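Asker: Please find one structure pasted underneath; my questions will follow.
The values are calculated or read from the model by the stated rules, or taken from the named source; none is laboratory data. Being a predicted model, the structure only gives us computed values, none of them experimental. Note: ideal-geometry Cβ built from the backbone for every residue, glycine included; neighbour counts use all protein chains shown. Only protein heavy atoms, including side chains, enter the accessible area calculation; ligands, DNA and RNA are left aside. Shrake-Rupley method; radii C 1.70, N 1.55, O 1.52, S 1.80 Å.
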Amino acid sequence: MLGGEGGADGTGVVLEGDEARMDAALEKLYGTGGRDEARAKSGRRSAGLGDSAPSVARWLGDIRTYFPSTVVQVMQKDAIERLNLTRLLLEPEMLDAVEPDVHLVGTLLSLNQVMPDRARESARTVVRKVVQDLEKRLAQRTRSAIGGALDRSARVLRPRRLADVDWERTIRVNLRHYLPEHRTLVPERLVGYGRRQQAVKRDVVLCIDQSGSMAASVVYASVFGAVLASMRSLRTSLVVFDTSVVDLTDQLHDPVELLFGTQLGGGTDINRAIAYCQGLITRPNDSIFVLISDLYEGGVRAEMLQRVAALTAAGVQVIVLLALSDDGAPSYDHENAAALASLGVPAFACTPDAFPDLMAAAVERRDLKEWSERNL
């Protein structure tokens, strides 16, 4: 019933009180109030928020009052896209009024280079809130999933406890000792899981495309990079790229500073980024290379594919994610995705909640194509 234009809107019902205020907030975003003004400026359908930062800040306050947080985030995203409010996000009072979320962080990061000093601290507060919420949601599960996989990836031939026996592998190595007359297998050799050690067991290189369409993926990948860097059994590097390559590994201790070190937008040179990351990999058989990109290559495509082939041939576990976000697969280069698949490197989108299990599968060197088809 909400969202009509004025009066009873032909329904015979007049809204009052909070319902009327909710309807007014929806009308300003999705209705026709102010359409003539918007058409005069941009030729696009718009509503009645105008260009006033105080009026937009009041509207943001209203929607936070009358709608749940998940709805507020959708309305904010729509307002930025439909009403061209990007410029107003540089106003501190605007940033103080918004509901922080991943998409808003992506917008702020894209404005990083033009953001005035008076808005920068408010922007950092918004980014810090989102990062803290994501860490709270994802960190423990990531450490648990990957830590368990690291333990299981270390095999021992004399497990001390029954719980440490890897029964699947034990059965496999003892199949020749099967006694058909007794329908029994004699396990002459037990294969067990190793226990956790402090030595670095895997090197992880995250290579993140920072073109504008990958904004949410950059945010999630940066948070995951910080979590992985906190695990002593992993050596984690993080590289972002457009047409240039920036190594942000030394910022992994602070994901907020790391995010402000990115620069969303610009072109894409995947080949150049992979070339740099190849130089970071010194233990191929113990390395996991994660490329997060929509695969629209502005560099040398043939060399890019050759580099991926060389990495897999050397024993590196290569993962290509078209997106690391809750938004599903973005527009991506299907030809490059197919070429990678022919090299044994499937490309797929992954949600943040599934990423810990994906990394655990990579640590255990499981078939990632099969894993993605089963889990995604």
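Asker: So, in segment 350-376, exactly how many residues are of a type outside the set (Gly, Ala, Ser) and within 19 Å of Asp286 (Cβ to Cβ)?
Answerer: 8
Asker: Among the residues of segment 96-117, count how many are part of a helix (DSSP H, G or I), in contact (Cβ under 8 Å) with a residue 24 or more places away in the chain, more than 16 Å from Ser69 (Cα to Cα) and among the aliphatic types (A, V, I, L, M). Outline the logic, then answer.
Answerer: Restricting attention to segment 96-117, the residues satisfying the condition of being part of a helix (DSSP H, G or I) are 96-97, 102-110, 112-114, 117.
Keeping just the survivors that are in contact (Cβ under 8 Å) with a residue 24 or more places away in the chain gives 96-97, 102-107, 109-110, 112-114.
This time we only want the ones that are more than 16 Å from Ser69 (Cα to Cα), so: 106-107, 109-110, 112-114.
Remaining after also requiring among the aliphatic types (A, V, I, L, M): 109, 114.
Number of matching residues: 2.
Asker: Within the bounds of segment 55-62, is there any residue that is among the polar types (S, T, N, Q), modelled with pLDDT under 80 and assigned to a helix (DSSP H, G or I)?
Answerer: Our first condition is that a residue be among the polar types (S, T, N, Q); within segment 55-62, this holds for 55.
Next, from what is left, pick out any that are modelled with pLDDT under 80: 55.
Imposing the further condition that a residue be assigned to a helix (DSSP H, G or I) reduces the set to 55.
Yes, because at least one residue in segment 55-62 is among the polar types (S, T, N, Q), modelled with pLDDT under 80 and assigned to a helix (DSSP H, G or I).
Asker: Same structure, new question: Just one of Ala221, Ala226 is of a type in the set (A, V, I, L, M), outside any loop (DSSP other than H, G, I, E, B) and touching a His at 6+ places or on another chain (Cβ under 8 Å); which is it? Can you show your working first?
Answerer: Values: Ala221 fails: touching a His at 6+ places or on another chain (Cβ under 8 Å).
Answer to the selection: Ala226.
Asker: Tell me the residue from Glu121, Glu93, Glu81 that is in a helix (DSSP H, G or I) and touching a Ser or Thr at 6+ places or on another chain (Cβ under 9 Å), please.
Answerer: Working: Glu121 fails: touching a Ser or Thr at 6+ places or on another chain (Cβ under 9 Å); Glu81 fails: touching a Ser or Thr at 6+ places or on another chain (Cβ under 9 Å).
Of the residues listed, the single one that is in a helix (DSSP H, G or I) and touching a Ser or Thr at 6+ places or on another chain (Cβ under 9 Å) is Glu93.
Asker: Listed residues Thr243, Thr170, Thr268; which is open to solvent by 50 Å² or more (accessible area, probe 1.4 Å) and either modelled with pLDDT of 95 or more or of a type in the set (Val, Ile, Thr) (or both)? Show your work before the answer.
Answerer: Working: Thr170 fails: open to solvent by 50 Å² or more (accessible area, probe 1.4 Å); Thr268 fails: open to solvent by 50 Å² or more (accessible area, probe 1.4 Å).
Thr243 is the lone residue from the list that is open to solvent by 50 Å² or more (accessible area, probe 1.4 Å) and either modelled with pLDDT of 95 or more or of a type in the set (Val, Ile, Thr) (or both).
Asker: Restricting attention to segment 209-218, and to residues there that are in a helix (DSSP H, G or I) and open to solvent by less than 10 Å² (accessible area, probe 1.4 Å), which single residue is nearest to Leu252 (Cα to Cα)?
Answerer: Here the answer is Val218.
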